[in-house]
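The values are calculated or read from the model by the stated rules, or taken from the named source; none is laboratory data. Note that the coordinates shown come from a computational prediction; the quantities given were computed from them, not determined experimentally. All Cβ positions, glycine included, derive from the backbone under ideal geometry; neighbour counts span all protein chains shown. Quick note on the areas: whole protein, heavy atoms, side chains included, nothing else; ligands and nucleic acids left out. Shrake-Rupley method; radii C 1.70, N 1.55, O 1.52, S 1.80 Å.
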Amino acid sequence: MNSLGLITVAAAATPVQLTTNAGIYCNIISVQPIKAGGVAGTAPTENVGAVYLMRGDVDKGTALTSCVLLLRSGDAAFSIKAPTQLGFRLSDFWLDADNSGDGALISYA
């Protein structure tokens, strides 16, 4: 697995693109709902609310049909697998959250 690290949604309902590199393709995307600690070097903590893995830059409230995965605070990591060998283009995915500052640890293979 390769890691994109912790991705934080700075402002709730403002999706964050997982990567801008359109050349990264993968067959699995793993999402662990967790946010960075408040101070550098502090361990990550649980999110306040849910995080959403979205297909495209859309607001989860107006286009929930684009939501691929919803993980609530305290949920375990979850992975999605591409239905074909063509895989996913990682730059097509965005992370959104109910609360500002929440996020997820993102990995792919």
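In table form, for the structure just shown:
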item	result
Share of carbon and sulfur in the accessible heavy-atom surface of the chain [1.4 Å probe, %]	53 percent
Residue-wise HN-Hα coupling along the stretch 76-88, computed from phi with Karplus coefficients 6.51, -1.76, 1.60 (Hz; x: Gly, Pro)	6, 4, 9, 10, 10, 10, 5, x, 9, 5, 5, x, 9
Unit charges at the beta carbon, dipole of the chain: most positive-side option, 49, 9, 105	105
Dipole magnitude of the chain, debye to nearest 20 (Cβ charges: Lys/Arg +1, Asp/Glu -1, about Cα centre)	240 debye
Exposure rank, largest accessible area first [72, 89; 1.4 Å]	72, 89
Mean accessible surface per residue for the chain, computed with a 1.4 Å probe while every protein chain stays in place, in Å²	52 Å²
Accessible-area order (highest first, 1.4 angstrom probe) of the listed residues 86, 71	86, 71
Solvent-accessible area of residue 42 with every protein chain in place, 1.4 Å probe, in Å² to the nearest 10	70 Å²
Mean-position separation - Cα centroids, the stretch 1-29 and the stretch 88-108, in angstrom	5 Å
Amide hydrogen neighbours beyond the local backbone of residue 4, cut-off 5 Å, H modeled	106, 107, 108
